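Below: one structure, written as structure tokens.
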Amino acid sequence: MESKQVKEALQHEAWRALRIMSEFVDATDTLVRVGPGVAVFGSARTHPSKPSYLKAVECGRLLAHRQFAVITGGGPGIMEAANKGCLEAKGTSIGLNISLPLEQKPNPYQSVELTFRYFFVRKVMFVKHASGFVIFPGGFGTLDELFESLTLIQTLKIVPFPVVLIGKAFWEPLLQWMRTTLAVEHETISPEDFEMFHVTDDVEEAVTLIHDVFVGKRAWATRLPRFPNDPPVTAEEGIRPGIHPRRHLSRGGGAGMDNIE
């Protein structure tokens, strides 16, 4: 027989699940209407006088000119810059804001503004509704978005999309560590994994690259494994369902990639 504490815990978690679901529903209902978008990430601490801020403004403007919505975290710094460039170019400027214990002031350049209670719901929205990622110098949050996107592409959970890093001087020490420590010394990643992203100092190059992949002029990460007849669209939640880890136990053999659901 369930104790009172267990019943109260179950009720609490049930309401939490409903809050989570409501965030997914509200965000999807809004974002599905705005058309193709590109997510722009970078530090909230970047001052407007910094070169990377000015480049992010230009990036937002160029994306709007290519008919992409710009999706950011809605905060200051690089997020503000990208939203500003997009809005000034009369594009759709989206901010996916997050409620934090230490208040983060939303930037004033959002034509579509959403606020999330849960980080993981917000992160799903970035991936689900983006045709590419442009990633400027940033901290833990920026790195988190970078490596989540690379993980989803590497594991074939999503159809590969462009991930472009802006700022060679900033990213090169990390990339050098990945080449030597991860790829060579410990062999925890493969040489073809470096094709999942592109590094440049030129935001126009970044925007053109994403546009060309979107319209089908070029492919992305072509040396990664592929499912037969790789579909152009994914499942409703934005991911491939994949193969159940225990399917082979009921079928009496290994499950090949052609068994994708």
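The values are calculated or read from the model by the stated rules, or taken from the named source; none is laboratory data. If you're wondering where the values come from, they're calculated on a predicted model, not measured in any experiment. All Cβ positions, even for glycine, are placed from backbone atoms using ideal geometry, and neighbour counts span all protein chains on display.
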- Does the range 54-69 contain any residue that is part of a loop (DSSP other than H, G, I, E, B), touching a residue at least 12 places away in the same chain (Cβ under 8 Å), farther than 22 Å from residue 161 by Cα and aromatic (Phe, Trp, Tyr)? no
- Message: Exactly one of these conditions fails for residue 106: (1) part of a loop (DSSP other than H, G, I, E, B); (2) without any contact (Cβ under 8 Å) to a residue 24 or more places away in the chain. Give me its number.
- Response: (2)
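Sort out which residues of the range 98-117 are within 12 Å of residue 80 (Cβ to Cβ), of a type in the set (S, T, N, Q) and either under 18 Å from the mean Cα position of the chain (by Cα) or buried (at least 19 other Cβ atoms within 10 Å of the Cβ) (or both), and write them in order of number.
Hits for the range 98-117 are 107, 110.
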- On the given criteria, is residue 57 at pLDDT 95 or above, closer than 26 Å to residue 215 by Cβ, β-branched (Val, Ile, Thr) and over 18 Å from the mean Cα position of the chain (by Cα)? yes
- Query: Just wondering, is there one or more residues in the range 159-173 that are over 24 Å from residue 53 (Cα atoms) and of a type in the set (Lys, Arg)?
  - Reply: no
- Message: Suppose we keep only residues that are out of contact with any helix residue (DSSP H, G or I) (no Cβ under 7 Å at 6 or more places or on another chain) and small (Gly, Ala, Ser) within the range 16-33. Which one would you say is nearest to residue 130 (Cα to Cα)?
- Response: 22
